Amino acid sequence: MMNYFKMAYRNLGRHRRRSILSGLALALGTTLLMFIAAFFTGEMRSSMETTLRLNTGHIQVQNADYDPDKLSVAWEYLIENPDQTAAQIGSLDPVHVATPRLAASGIVSVRDESAGAQIMGIVPESEANDPYRDGIVSGEFLAADDREGILIGLPLADSLNLKAGDSINLLINTSDGDVDEQQFTIRGIFTTGTSAWDKGIVFLPLAKAQTFARAENHASMIFVLLKDREQADEVAAAIQGEGIKVKTWTEMNELLVMVEDFSNAYLAVINLIVLGVTATVIVNTLLMSVFERTREIGVLSAIGMKGRQVIALFLAEAFLLAVSGVGAGSLAGWALSAYFAKVGVYFGDLGIGAEMLLEDRIYTYLTLDSAITLIVTAFLITILASLYPARMASRMEPVEALRGAQ
Amino acid sequence: MEVAKLTDVTRVYRIGEVQTRALNGVSLTIGNGEFTSLVGPSGSGKTTLLQLIGCLDRPSSGSVVINGQETTNLNRNQRADLRKGTIGFVFQFFALIPTLTAYENVEMPLLLNGRTPAQRKQRAMELLEAVDLKDRAHHRPDQLSGGQQQRVAVARALSTNPTMILADEPTANLDTSNGEQVMEIMKKLNKETGVTFVFATHDPRVIKYASRVVTLRDGVIEKDEIK
Ligand SMILES: Nc1ncnc2c1ncn2[C@@H]1O[C@H](COP(=O)(O)OP(=O)(O)OP(=O)(O)O)[C@@H](O)[C@H]1O
Ligand SMILES: [Mg+2]
């Protein structure tokens, strides 16, 4: 055993630059793939987390006829006595927080500029609104009894040149199909780090939103966050009532779940392509040494080395290349992923809708699982590919090998 | 006792349409302890004959018996097995493994024969001493002269105590004094250990060491003289 590796090591040393280059190719491939895997995982995690935290929650209780795309506050889409239902759900053990929200469509206008926005009525003190409370960049958060205050996102404030304390006009589509208009004072400006979400939503206290939309004592949904999102199905089964439907996060985020599956398949394809290329480099290196060492293989064979020992000799070379290449590559990939897990990669608003929210900065996230899978795959592909040159060497007849190089 | 017995051996090389009868009905018996030289003009079939005796190749027809064992039907691995314990090789172009030191080159056949490290060390050093290269044991081939390399090759060929050593033009790439030194060593080992030597050569200075000279011409044995 030891002797194969000793010989393999020296053989690699004969063409040091070539060996280093092919090890480097393998290392680069591994680094790249590890970083891509960490990036994809980070992106999917961020997207899932952000979308759940800001948009869908883990569970929503809605009117049986509610259509989230319409943003309509017509009576037939709303649920009655939301406070009571929310309190009931909130008392369930696995539930972290349950809070009513009223979602209506509207237009923000100031001077001669305007922008469409979702108007969200929230119960300010609910913990479900922490992302906004914690994200206040100027002014302050809403109070429940505020009747003139509004909360807007930073991108909207920037595009309309607004600051806390300024007045804006808000148009709303009311429950009876009318349009109403009123002036509000900006109490605070928030950011969740997700421009795609922040630019299109404004917040009012629920009570004010209900009056403004003429939807007294009604809400569009009960927004529920769980202690553990894996319990969504159990909790949803426990919530029942007439004329309502209960949606879990998987149901509300079919697109996202699909994208996640797709991105895994996509990642596997990228892996195979990149590793295929690095394997070609390794095979090429080994083939060159098989050809260069034709006579030597003949001599070894003449003094009694058997076919499988010749294979072992070349596989030992591949093994050393794989260990150093994959080893160095995974170290670099890990370091790179760790760095960007801290610093993040800034992408800004990628313009993806609320079904797949992405924070403006994506943080890589390397799982042990994906790292191990990659290392093992890279290693196996390298060794498997090397079987070809190794077998070729082992099949050389000693005479031909000896003559070949004369 | 005979170490090799060839009966009516032919070897035909085919390249495309062209057939070359390198050996054409050769029968030859090599006895134990011989120091035999194969001579003959270039292309007469010396190398081909050595390769058949050494089980590096198979005859087109006829039979090759080594140490009493019929070899014509052995496969590649079986032939490797047969070679590694019984036949040693010395090639014209030295043919040491360039990444291994002189010591490691001599050790290699012992390794392939599964000897223990202690056995290997003792045997390899003993042989390097026999070819007068003990002080060069840890030199790589490229740090040795041609004559020294060929002596390492002789030591390597001897390491597993083979019954027979086949040498193809062992002195062709050596100057006179180095060539004679290698021949002296081979002759000495032949006398001391009784190992059989068969070598192919053109070199008249080498032929004079032989105790038997077999002359080939166009693939047949023309003369077989014992001196
Ligand atoms: N692999 C081969 N393919 C085709 N022809 C070959 C092959 N090997 C040898 N021959 C032919 O067989 C004949 C004998 O060759 P061989 O090498 O045995 O001669 P030799 O006596 O060793 O010659 P030299 O003294 O030049 O080494 C030659 O005509 C040669 O061209
Ligand atoms: Mg020849």
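The values are calculated or read from the model by the stated rules, or taken from the named source; none is laboratory data. This one's a predicted model, so the numbers in the text were calculated from it and none came from an experiment. Don't worry about glycine lacking a Cβ; one is built from the backbone with ideal geometry, like all the others, and counts go over all protein chains shown. With ligands, DNA and RNA removed, areas are computed over all heavy atoms of the protein, side chains included. Shrake-Rupley method; radii C 1.70, N 1.55, O 1.52, S 1.80 Å.
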Residue pairs within 8 Å by beta carbon, gap of at least six or interchain, first lying in the range B:160-183 and at positive phi, second acidic (D, E) and within 16 Å of ligand 1 (Cβ to nearest atom), listed first then second, are B:E169/B:D203
message = Regarding the range A:296-314, can at least one residue be identified that is open to solvent by 20 Å² or more (accessible area, probe 1.4 Å) and of a type in the set (F, W, Y)?
response = no
Apart from one, (1) in a loop (DSSP other than H, G, I, E, B); (2) more than 12 Å from ligand 1 (Cβ to nearest atom); (3) farther than 18 Å from B:Q78 by Cβ; (4) not acidic (D, E) all hold for B:P41; the odd one out is (2)
Taking the range A:342-399 and the residues there that are of a type in the set (D, E) and not in a helix (DSSP H, G or I), the one that is surrounded by the most Cβ atoms within 10 Å (Cβ to Cβ) would be A:E359
Quick count over the range B:105-127, residues being free of Cβ contacts under 8 Å to residues at least 12 places away in the same chain, part of a helix (DSSP H, G or I) and within 12 Å of chain A (Cβ to nearest Cβ), is 2
Picked from the range A:299-342 (must be small (G, A, S) and facing chain B (nearest Cβ under 8 Å)), the residue nearest to A:L387 (Cα to Cα) is A:G307
Pairs returned, first residue in the range A:220-231 that is within 16 Å of A:P131 (Cβ to Cβ) and in the same structural domain as A:Y77 (by TED's automatic domain parsing), second residue that is in a strand (DSSP E or B) and among the charged types (D, E, K, R), beta-carbon separation under 6 angstrom, 6 or more apart or interchain, are A:F223/A:R101
Original post:
Mind checking whether some residue in the range B:86-99 is in a loop (DSSP other than H, G, I, E, B), within 14 Å of chain A (Cβ to nearest Cβ), under 30 Å from A:R14 (Cβ atoms) and more than 19 Å from the chain's Cα centre (by Cα)?
Top reply: yes
Residue count, the range B:177-204, condition within 16 Å of ligand 2 (Cβ to nearest atom) and buried (at least 22 other Cβ atoms within 10 Å of the Cβ), comes to 4
- Message: Whether any residue in the range B:68-86 is over 19 Å from B:R212 (Cβ atoms), touching an Asp or Glu at 6+ places or on another chain (Cβ under 8 Å) and within 16 Å of ligand 1 (Cβ to nearest atom) is what I want to check.
- Response: no
Query - Flag if B:T71 is touching a Cys at 6+ places or on another chain (Cβ under 7 Å) and within 17 Å of B:V3 (Cβ to Cβ) - result: yes
Exercise for review: Kindly indicate whether B:G85 is modelled with pLDDT under 90, surrounded by fewer than 18 Cβ atoms within 10 Å (Cβ to Cβ) and farther than 23 Å from B:G33 by Cα.
Suggested key: no
Exercise for review: Report yes if some residue within the range B:60-67 is within 13 Å of chain A (Cβ to nearest Cβ) and either closer than 27 Å to B:H202 by Cα or open to solvent by 10 Å² or more (accessible area, probe 1.4 Å) (or both); otherwise report no.
Suggested key: no
Next item on the list: Determine if the range B:182-193 includes at least one residue that is within 16 Å of ligand 1 (Cβ to nearest atom), out of contact with any Pro (no Cβ under 7 Å at 6 or more places or on another chain) and away from every other protein chain (no Cβ under 14 Å).
Entry: no
Of the conditions (1) over 30 Å from A:L300 (Cβ atoms); (2) within 14 Å of chain B (Cβ to nearest Cβ); (3) among the polar types (S, T, N, Q), the single one that A:N11 does not satisfy is (1)
Here the residues within the range B:15-42 that are in contact (Cβ under 8 Å) with a residue 40 or more places away in the chain, open to solvent by 70 Å² or more (accessible area, probe 1.4 Å) and within 14 Å of another protein chain (Cβ to nearest Cβ) are B:S42
If we keep only residues of the range B:128-141 that are open to solvent by 30 Å² or more (accessible area, probe 1.4 Å) and not in a helix (DSSP H, G or I), then the residue nearest to B:V198 (Cα to Cα) is B:D132
Within the range B:45-67, restricting to residues that are assigned to a loop (DSSP other than H, G, I, E, B) and polar (S, T, N, Q), the one that is nearest to ligand 1 (Cβ to nearest atom) is B:S60
message = B:P170 - would you say it is within 16 Å of ligand 1 (Cβ to nearest atom) and crowded, with 19+ Cβ neighbours inside 10 Å?
response = yes
Of the listed residues (A:V277, A:V259), the one being in contact (Cβ under 8 Å) with a residue 12 or more places away in the chain, out of contact with any Phe, Trp or Tyr (no Cβ under 6 Å at 6 or more places or on another chain) and either within 14 Å of chain B (Cβ to nearest Cβ) or open to solvent by less than 60 Å² (accessible area, probe 1.4 Å) (or both) is A:V259
Residue within the range B:142-153 that is surrounded by fewer than 23 Cβ atoms within 10 Å (Cβ to Cβ), modelled with pLDDT of 90 or more, hydrophobic (A, V, I, L, M, F, W, C) and away from ligand 2 (no atom under 16 Å from the Cβ) present: yes
Q.
Among the residues of the range A:15-33, are any within 14 Å of chain B (Cβ to nearest Cβ), without any contact (Cβ under 8 Å) to a residue 40 or more places away in the chain and either assigned to a helix (DSSP H, G or I) or more than 16 Å from A:R101 (Cα to Cα) (or both)?
A. yes
Margin query: Any residue at all in the range A:21-36 that's outside the structural domain of A:F212 (by TED's automatic domain parsing), more than 33 Å from the chain's Cα centre (by Cα) and surrounded by 20 or more Cβ atoms within 10 Å (Cβ to Cβ)?
Written below: no
Please indicate, with yes or no, whether at least one residue in the range A:93-106 is assigned to a loop (DSSP other than H, G, I, E, B) and out of contact with any Gly (no Cβ under 7 Å at 6 or more places or on another chain). yes
